[in-house]
1. Could you go through the range 160-175 in sequence order and give the Karplus-derived ³J(HN,Hα) for each residue, using 6.51 cos²θ - 1.76 cosθ + 1.60 with θ = phi - 60°, rounded to whole Hz, and x for Gly and Pro?
2. Relative contact order (percent) for the chain, with alpha-carbon contacts under 8 angstrom and 6 or more residues of separation?
3. Given Pro52, Leu122, Pro93, which one lies farthest toward the positive end of the charge dipole of the chain, if we put +1 on the Cβ of every Lys and Arg and -1 on the Cβ of every Asp and Glu?
4. Excluding same-chain residues fewer than 8 positions from Lys45, which aspartates and glutamates have a Cα within less than 14 Å of its Cα?
5. If amide H atoms are built 1.01 Å from N in the plane of the peptide, which residues on other chains or at least 5 residues away come under 5 Å of the amide H of Tyr4?
6. Let me make sure I get this right: for the range 26-104, a, b and c are the square roots of the gyration tensor eigenvalues over alpha carbons, sorted descending. Under 1.5 in a/c it's rounded, otherwise prolate if a/b > b/c, else oblate. Which is it?
7. Of the listed values (i) 50, 40, 33; (ii) 56, 44, 31; (iii) 61, 37, 32, identify the label whose number matches Cα extents along the principal axes in Å calculated from this model.
8. Of the listed pairs Lys40/Lys173; Lys170/Lys198; Lys119/Lys160; Lys40/Lys60; Lys40/Lys160; Lys60/Lys170, which have alpha-carbon separations greater than 22 Å here?
Amino acid sequence: MTLYVVPIVEGQTEASCIERLLQRVWTELLGSTERLQVLKPSRGKRDPLIRPTGTDLGDKIEEAHVRLSQRVRLDPSGRGFVLLLLDAERDCPAQLAPRLLATARIARSDADIACVLAKHMLENWIVAGASTLAGVNGLPTQIRVPENPEDRRGSFWLDKQLRSCNRTRKYAKTVDAAAFVQAMNLQECRTNSPSFDKLCRDLQARQLQPPDATGPAPSEPLTATDSITWPVSNIDAAN
């Protein structure tokens, strides 16, 4: 059986590495044996997506739902969900995410939707799991994860590390992010980054079988805003 996910993202960083990141979390961190297939992300600009009076978020949710429905229709035993993954930037993820999720569910009340906001930016997740990035793609051969890795702009930190080895080297989102996501320490990132832990919990909640005793447990119980509309396998029934 396959779990399908359609990500809605805002930038080049997410588009270039979201599939690999989700696959690693699904198999390496959560130990899932069920197949995960990440469909082509839908991209939108952040400001229109988070605007309370705008229609961009609803339109993107509808677009992603149509794509997901078309895929699940070809695999009746499959399940699927829409993942809204944005940078929080200066907003508080705990305050903005529930509002976005509520808006998304108004747009498609019959769909399974998750909303995750990386605190500041997705690069902060890379910083939070950076202990295994020594020497990767131009980074220094010795790296220590900074304290409170979510309380800084992750892209600036990565740029500084790269420039410490080569003054002309700049952090390139479309190239570097994918390489760093491939090598970052996921468990360390989950420990250091509550917003990344939220992504892990949302994926974990969609496993058919709960993790065994040796697997990672959620850091906190799911809240009302984390609830799921089941069964997703009948996602086309309301169409």
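Here, each number is a calculation from the coordinates, and none is a lab measurement. This one's a predicted model, so the numbers in the text were calculated from it and none came from an experiment. Positions of Cβ are generated from backbone atoms using ideal geometry, with glycine treated the same way; all protein chains shown enter the neighbour counts.
1. Here the 3J(HN,Hα) series is 5, 5, 5, 5, 5, 9, 8, 4, 8, 7, 10, 5, 10, 3, 6, 9 Hz.
2. Once normalised by length, the contact order is 24 percent.
3. Of the listed residues, the answer is Leu122.
4. Partners within reach: Glu10, Glu14, Asp56, Asp59, Asp87, Glu89.
5. Here Gln37, Arg79, Gly80, Phe81 satisfy the definition.
6. It comes out oblate by the Cα gyration axes.
7. Among (i) 50, 40, 33; (ii) 56, 44, 31; (iii) 61, 37, 32, the one derived from this structure is (ii).
8. Beyond 22 Å between Cα atoms: Lys170/Lys198; Lys40/Lys160; Lys60/Lys170.
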